[in-house]
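Here is the structure we will look at.
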Amino acid sequence: MQRRASELRQVWKEAAVTRILVCRRVPGHFFIFRKRIFMNSQTYQVIARRWRPKQFSELVGQDHIVRTLTNAIELNRIAHAYLFVGPRGTGKTSTARLFAKSLNCTGGPSITPPEDCPICKAIMDGSCMDVIEIDGASNNSVDQIRDLREDCQYAPTQSRFKIYIIDEVHMLTTAAFNALLKTLEEPPAHVKFIFATTEAHKVLPTIVSRCQRFEFRPISNEVIAEKLKIIAKAEGLNIEDTVFHPIARLAMGGMRDAQSILDQLISFCGKTITEEDVMNVYGLASSLEMRNLIKAMAKADYAKIIEISEKFDGQGRDLYRILQDLQHLLHEVLLDAIKNSGVSLKLEVAKTTESLMRMLDVVQQGEECLRMGLSQRVNFEITLLKAVEQSQTRAIDSLIREITVLKNQYPEKSEQKKNIDIELSLEHKLEKEEKNKFKEEAVIQEVLEEQYKYNSGTFDEEILLEELLEDSLQNQKDEKSEAVAAIEEAKKQLPQSTLDILENRFRAEFKAVRPLKLEEWLYS
């Protein structure tokens, strides 16, 4: 029995945690409790917890926030409330703990707190009584916020500041937010608030206006891959270089997600991990398979597209994730086309910016259909085929632009053609005038010959021209007299009022060197 007890003592460590409660009714009275807990010395701790940043220098992907907070500490410009906003796994809670550690460390505030400081260790372990971490999802009522507001009035027990870290603060109710407003606006000098949330739009504007807001950005895939390489080297893992980027893509900007994925792969594969292992565990497509798919789409090879789709479905690949990876590749090719004057040669086929944008638009629309549709494979294949069809269509405005560009590339030829057209039109006009002149001369010659015949061989050109002129004038006089007679006849049929109007209009609009009659004006 004694041997069994000694074995248990070797496996389990007994620790006593002291908890001090303040009596609210009688100031200065404290109740001290010592609670015994048992901790397993061999308990495994996941990578995400073991590799949590312990200094600001270890926090990756958030350089703008590290710089702002370290400058605030060095310049002693520490605000009373901070709001950390960003996606999951980007370091909000870790930054809050590092900031609290820097403010409350021995000899601080300091941007490089010592690791052997007991207060710093307690803060990182979550056992410091002056750094209170609250879960906003489970402590969101008005009564709990009132208790917090009353606790704020008491000074910290062992540190410089009493710091409240409220995670998922957007889960607080509107009444709880309103109960916190006054304390948040004018807290005691020893109190600091740090709020963290993934949904900033749910936090009341009155709360946001009382805080310094920090935006945590999604961490880039390159930064995540480099951090995972450091972890793998430190953990003694044998991992191919092609493994880290797929893990980073799966994490979608979250360092904690990437570390959890790496932990899962270690459990599945052991200390040797290949790219094929990642594909099998998470149903991804390899980079070679994705390149083959996008090249088949660029060449409009429908048979190859269907063959690749059948292969993915047969291997149990995640088609939704493959569609997202395809969207990422199309985006890269689109950027390459924009940088190279609107044409990309990455896919072995020249693709314009317009066709790539149409293809990318169809793939984006297909995400919703693939996620909500009844058959993933059918929706996946339809999305790919639609993307190919749309990439081959052309807009009218783009065709007009291309024609204009081609026309501007050959200005000399178009100008020469224009000059040739002008010369041809002039030649045609001159030819027409010469033909008309020739016809007129022929008519005059015929008339002269006829007149010569009637004059029994006598011919006088001047006499003939005078006779022709007299005949022409006589014809004009006859026509004029006939018109005047017709007008006189019409005047008789018109009422006098109409004739008066015409007479007045004639006098108002026309002035002549000699007097004109109404008949002459009407005839003209």
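The values are calculated or read from the model by the stated rules, or taken from the named source; none is laboratory data. The model shown is predicted, which means the values in this text are computed figures rather than measured ones. Methodologically, a virtual Cβ is constructed for each residue, glycine included, from the backbone with ideal geometry; neighbour enumeration extends over all protein chains shown.
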Condition first: surrounded by 19 or more Cβ atoms within 10 Å (Cβ to Cβ) and either hydroxyl-bearing (Ser, Thr, Tyr) or not assigned by TED's automatic domain parsing to the domain that holds residue 379 (or both). Now tell me which residues in the range 294-314 satisfy that. 309
Among the residues of the range 344-368, which ones are surrounded by fewer than 17 Cβ atoms within 10 Å (Cβ to Cβ) and among the hydrophobic types (A, V, I, L, M, F, W, C)? 345, 349, 350, 357
Taking the range 143-171 and keeping residues closer than 22 Å to residue 90 by Cα and assigned to a helix (DSSP H, G or I) leaves 169, 170, 171
With the requirement that a residue be crowded, with 23+ Cβ neighbours inside 10 Å and in a helix (DSSP H, G or I), what does the range 83-95 give you? 92, 95
Could you say whether any residue in the range 362-374 is at pLDDT below 90, under 23 Å from residue 339 (Cβ atoms) and not hydrophobic (A, V, I, L, M, F, W, C)? yes
How many residues, within the range 45-101, are more than 34 Å from the chain's Cα centre (by Cα), charged (D, E, K, R) and farther than 29 Å from residue 235 by Cβ? 2
Residues satisfying the stated conditions in the range 237-283, i.e. assigned to a loop (DSSP other than H, G, I, E, B) and surrounded by 17 or more Cβ atoms within 10 Å (Cβ to Cβ): 237, 253, 254
Could you grab me the full set of residues in the range 67-85 that are out of contact with any Gly (no Cβ under 9 Å at 6 or more places or on another chain) and touching a residue at least 12 places away in the same chain (Cβ under 8 Å)? 68, 69, 70, 74, 76, 78, 79, 80, 81, 82, 83, 85
Take the residues of the range 297-329 that are in contact with a Gly (Cβ under 7 Å, 6 or more places away or on another chain) and part of a helix (DSSP H, G or I): which is farthest from residue 351 (Cα to Cα)? 321
If you scan the range 112-133, which residues turn out to be among the β-branched types (Val, Ile, Thr) and surrounded by 18 or more Cβ atoms within 10 Å (Cβ to Cβ)? 119, 123, 131
State yes or no: is residue 234 in a helix (DSSP H, G or I), among the hydrophobic types (A, V, I, L, M, F, W, C) and either surrounded by 13 or more Cβ atoms within 10 Å (Cβ to Cβ) or in contact with a Lys or Arg (Cβ under 7 Å, 6 or more places away or on another chain) (or both)? no
How many residues are crowded, with 16+ Cβ neighbours inside 10 Å, within 30 Å of residue 87 (Cβ to Cβ) and of a type outside the set (Ser, Thr, Tyr) if we restrict to the range 153-181? 15
Within the range 172-193, is even one residue under 18 Å from residue 90 (Cβ atoms), among the aliphatic types (A, V, I, L, M) and more than 31 Å from the chain's Cα centre (by Cα)? no
